[in-house]
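The values are calculated or read from the model by the stated rules, or taken from the named source; none is laboratory data. Model, not experiment: these values are computed from the prediction. As a convention, Cβ positions derive from the backbone with ideal geometry for all residues, glycine included, and neighbour counts pool all protein chains shown.
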């Protein structure tokens with residue numbers, strides 16, 4: 001069975017975007033970006049909400065370009081190669097390859113995907129990840145904690161879920177970003 005990972009870049013106070021919706025403070029430097037690439041490399045299917053898709057489709061025209069820094073070229077290939085499922089009630093069509101739309105998040109369907117997949121899956125976007133966490137589908141969490149406090153905004157984690165976690169690893173980068181890797185214990 002494949003695993004489902006939730007990876008997020010968050011402020012120290014737990015937000016993926018500030019109160020105005022900005023996340024410019026979270027842009028990874030080359031070292032952090034290369035590390036994040038490694039986290040995504042084995043992912044066969046990326047599950048994401050519409051807002052995250054709108055941000056991430058930036059990577060589509062980057063694929064195949066040779067005039068970019070290596071870590072950017074690398075992520076463009078990772079994005080291109082992954083299957084992408086966008087959960088949206090409003091989006092009618094996509095303009096990226098290997099992408100399909102689902103109108104709603106169905107935990108049973110995602111559980112079936114995990115069972116049938118030959119490669120791991122990731123869930124992105126705080127709201128969608130919150131649904132997956134509530135449904136008990138997330139196996140591991142990777143947080144890249146930025147050295148900033150934004151004081152409010154979009155929470156990285158839902159407020160109404162309690163889960164026990166086991167620390168699997170940690171790393172601190174020279175720019176102050178801390179990576180925290182947890183296994184979700186799901187009733188253990």
Go through segment 135-188 and report how many residues are out of contact with any helix residue (DSSP H, G or I) (no Cβ under 7 Å at 6 or more places or on another chain) and modelled with pLDDT under 95. 6
Suppose we filter 112, 100 for residues that are within 19 Å of residue 58 (Cα to Cα), modelled with pLDDT of 95 or more and out of contact with any helix residue (DSSP H, G or I) (no Cβ under 7 Å at 6 or more places or on another chain); which single one remains? 100
Only unsatisfied item for residue 2, checking (1) closer than 21 Å to residue 80 by Cβ; (2) more than 14 Å from the chain's Cα centre (by Cα); (3) in a helix (DSSP H, G or I); (4) touching a residue at least 24 places away in the same chain (Cβ under 8 Å), is (3)
Working only within segment 62-101, note down all residues that are more than 20 Å from the chain's Cα centre (by Cα) and assigned to a helix (DSSP H, G or I). 70
Inside segment 21-54, the number of residues satisfying the requirement of being assigned to a helix (DSSP H, G or I) and loosely packed, with under 13 Cβ neighbours inside 10 Å is 3
Sole miss for residue 105 among (1) loosely packed, with under 14 Cβ neighbours inside 10 Å; (2) at pLDDT 95 or above is condition (1)
Got a sec? Which of 163, 180, 144, 121 is over 27 Å from residue 24 (Cα atoms) and in contact with a strand residue (DSSP E or B) (Cβ under 8 Å, 6 or more places away or on another chain)? 163
What pairs come out if I take residues in segment 80-105 that are in contact (Cβ under 8 Å) with a residue 40 or more places away in the chain and on the phi < 0 side of the Ramachandran plot and pair them with residues that are exposed (fewer than 10 other Cβ atoms within 10 Å of the Cβ) and in a loop (DSSP other than H, G, I, E, B) whose C-beta lies under 7 Å away, six or more apart or interchain? 87/104
Here is a check on your reading of the model: is residue 83 within 24 Å of residue 113 (Cβ to Cβ), modelled with pLDDT of 95 or more and touching a strand residue (DSSP E or B) at 6+ places or on another chain (Cβ under 9 Å)? yes
Residues located in segment 62-97, provided they are out of contact with any helix residue (DSSP H, G or I) (no Cβ under 8 Å at 6 or more places or on another chain) and over 19 Å from residue 41 (Cα atoms): 67, 89, 92, 93
